[in-house]
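Bear in mind these aren't lab numbers, they're just calculated from the coordinates by the rules spelled out. Just so you know, these numbers come straight off a predicted model, no measurement behind them. Here the Cβ is made from the backbone with ideal geometry for all residues, glycine too, and neighbour counts use every protein chain on show.
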Amino acid sequence: MKGKQVVAGLVLILFAVALFMDKLGVFPELPIIKIGMSAILVYVIACSLRKLQFVGITFPLGLIACLFSTELGIDKVSPAIIILVSVLVGIGLTLIFGHHPAVKVIGGKESHNWNKHCGGNSTVEYSEAEGTFCVDNNLGERTEYVTVKNLRRGDIDNALGSLTVYLNGSTLDPAGAFISIDNGLGSLKVFIPKEFRVKMNIDNGLGAINTHGEYSHDEASPLLSLDIDNGLGQTDIYFE
């Protein structure tokens, strides 16, 4: 069992124990439900820190601030204002510290060292010559049609929004390709041509990952490797 799944399981157990203790009236002076909910939010923050998803960090912090508004002395501030401020701060940090893929030359060949964010809030980048693409969505709903010939490397990152990505029309590099798929708290749908031979490496937290349809098993075809990292959201992969 992966470390991320162990932590997710421990967080759920902690929350369940908190609910049980609250119903029993144990430690009535402690806000046990708030503590349990905060534990889940801290887990989300930890996952977002690892991926440098700023909205995924500031939004849960805003929720925690709402839960403990009295203790923090901000009970006179509307929860809606607190949430709005947390989201705006997250977007601002993303715009300031958003990274672009770095290109290094090793042995006369270009090696692409991609970060999880391809350049800010709700962006898309293509490099037809290099066979790469990057789609990044933080908030809102969007659909992106990606067409890259001889695809080598791709990055799909969705934080809190709803993102749909179509890879129809793309072809794989003869040496194969790798796509990193990262979904935090949102809804992500990725449509992949069923003619592609695919291998999936899945890391799921508290959310859901679903696959639909069948992909090719032709060993003579280039291999598309999918690295799927799903937090609390839902990721659907369609082969059609």
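Summary of values
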| read-out | value |
| --- | --- |
| Square roots of 5 times each gyration tensor eigenvalue, C-alpha, segment 171-220, largest first, Å | 23, 12, 10 |
| Simple label model, 7 Å out from Cα along Cβ direction - F97 to D227, nm | 2.1 nm |
| Protection proxy ranking of 76-89, 159-172 - average other beta-carbon atoms within 10 Å, highest first | 159-172, 76-89 |
| Within-14-Å neighbourhood charge of G161 [Cβ basis; K, R +1; D, E -1] | -3 |
